[in-house]
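Structure first, then comments.
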Amino acid sequence: MICIRNLSQLPRNRYVSQILRGVATFNTATKIAQRNRAAKLPDPEQFDFLKERIAENLTDRITDISRDFPSIVDLGAGKGHVYKHLNTYTTKHVIECDTASQCLALPRKHIEGLTTEQLLLNSEDELPFEDNSQDMIVSNLWLHWVNDLPKLFTEAERVLIPDGVFLGAMFGSETVFQLRVSLQQAELERTGGISPHISPFITPQDLGALLHSAGFCMITLDSEEITIGYPDLHVLLQDLQGMGESGAL
């Protein structure tokens, strides 16, 4: 459980500082276009290994909770990674929400006894649900592209029922660290300066603070380090593009 009294006392990275000043870090239209293009690839599933793994981990966490969740909202549902790992023991209905229409348009496999609906969001940080109306909200590798996380977390807290659950996974502050350093060193050697090429990521400490500030309690944060090797930069960038995870600064 994380209890933080004063958000202003926490050290902040550039991403969090921009969030708190109301400055948009990411180009939302660019990100939506990237994710729509990734969804229309001839074989989009070949790039989904990471999102599939994290989705499976998330659904395992759901089954560990000894409660019934008649309905689950999946924020940033993408190609339905979370849905395909659910069953009627965890929920009976899934509301898949996303800002990328092509992701929601992809066919979902039929799961006996489990219904699903797709909802296109007009805004990444506004949820079109009534107060205290949802049992659980999950999000699989989507939150790191949201410009206004405090607003989204406040919205999530608003629509959840009392004792509702928010369960999410996002890339942390050490993601593609080697790529970030390599690009900085190369640019510094050639131009004498550094400009941002990799999206900033939030730290666990700042994430906990934002959740606490939004009204969540009994906050549990954990991290998992996943190492994936690539033979060269071009293969890595191809995978990022195929996942819809290219930069959008």
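The values are calculated or read from the model by the stated rules, or taken from the named source; none is laboratory data. These numbers come from a predicted model, not from an experiment. For neighbour counting, all protein chains shown are included, and Cβ atoms are generated from backbone atoms with ideal geometry for every residue, glycine included. These accessible areas exclude ligands, DNA and RNA; they are computed on the full protein's heavy atoms, side chains included. Shrake-Rupley method; radii C 1.70, N 1.55, O 1.52, S 1.80 Å.
Working carefully through the options 232, 206, 222, find the one that is under 30 Å from residue 155 (Cα atoms) and either in contact with a strand residue (DSSP E or B) (Cβ under 9 Å, 6 or more places away or on another chain) or loosely packed, with under 13 Cβ neighbours inside 10 Å (or both).
222
For segment 93-126, enumerate the residues that are among the β-branched types (Val, Ile, Thr), out of contact with any Lys or Arg (no Cβ under 7 Å at 6 or more places or on another chain), crowded, with 16+ Cβ neighbours inside 10 Å and not in a loop (DSSP other than H, G, I, E, B).
Listed by number, the residues that qualify are 94, 95.
Which of (1) surrounded by 15 or more Cβ atoms within 10 Å (Cβ to Cβ); (2) more than 18 Å from the chain's Cα centre (by Cα) does residue 70 not meet, given it meets every other one?
Residue 70 satisfies all of (1) surrounded by 15 or more Cβ atoms within 10 Å (Cβ to Cβ); (2) more than 18 Å from the chain's Cα centre (by Cα) except (1).
Can you give me the number of residues within segment 186-235 that are assigned to a loop (DSSP other than H, G, I, E, B) and farther than 28 Å from residue 132 by Cβ?
Here the count works out to 21.
If I go through segment 140-158 residue by residue, how many of them are touching a helix residue (DSSP H, G or I) at 6+ places or on another chain (Cβ under 6 Å) and either under 18 Å from residue 100 (Cα atoms) or aliphatic (A, V, I, L, M) (or both)?
Of the residues in segment 140-158, 5 are touching a helix residue (DSSP H, G or I) at 6+ places or on another chain (Cβ under 6 Å) and either under 18 Å from residue 100 (Cα atoms) or aliphatic (A, V, I, L, M) (or both).
Condition check ((1) open to solvent by 70 Å² or more (accessible area, probe 1.4 Å); (2) in contact with a helix residue (DSSP H, G or I) (Cβ under 7 Å, 6 or more places away or on another chain); (3) of a type in the set (A, V, I, L, M, F, W, C); (4) in contact (Cβ under 8 Å) with a residue 40 or more places away in the chain) across all residues:
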| position | (1), (2), (3), (4) |
| --- | --- |
| 160 | no, no, yes, no |
| 173 | no, no, no, yes |
| 240 | no, no, yes, no |
| 246 | no, yes, no, yes |
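So for segment 127-136 (the condition being in a loop (DSSP other than H, G, I, E, B) and in contact with a Phe, Trp or Tyr (Cβ under 9 Å, 6 or more places away or on another chain)), does at least one residue qualify?
No, the conditions are met nowhere in segment 127-136.
What are the residues in segment 20-72 that are in contact (Cβ under 8 Å) with a residue 60 or more places away in the chain and hydroxyl-bearing (Ser, Thr, Tyr), if any?
The answer is 25, 28, 30, 71.
Quick one: would you say residue 169 is open to solvent by less than 50 Å² (accessible area, probe 1.4 Å), under 28 Å from residue 40 (Cα atoms) and at pLDDT 95 or above?
yes
Step by step: first the residues of segment 171-209, then only those that are of a type in the set (S, T, N, Q) and within 16 Å of the chain's Cα centre (by Cα), then the one that is nearest to residue 149 (Cα to Cα). Which residue is that?
This residue is 203.
Scanning segment 55-67 for residues that are open to solvent by 20 Å² or more (accessible area, probe 1.4 Å) and not in a loop (DSSP other than H, G, I, E, B), which turns out nearest to residue 118 (Cα to Cα)?
Checked segment 55-67; the qualifying residue nearest to residue 118 (Cα to Cα) is 56.
Take residue 90 and decide whether it is surrounded by 15 or more Cβ atoms within 10 Å (Cβ to Cβ) and either more than 22 Å from residue 146 (Cα to Cα) or not small (Gly, Ala, Ser) (or both).
Against the criterion (surrounded by 15 or more Cβ atoms within 10 Å (Cβ to Cβ) and either more than 22 Å from residue 146 (Cα to Cα) or not small (Gly, Ala, Ser) (or both)), residue 90 qualifies.
Inside segment 73-97, can you point out the residues that are of a type in the set (D, E, K, R) and free of Cβ contacts under 8 Å to residues at least 60 places away in the same chain?
If the condition is that a residue be of a type in the set (D, E, K, R) and free of Cβ contacts under 8 Å to residues at least 60 places away in the same chain, then 79, 84, 92, 96 are the ones that fit.
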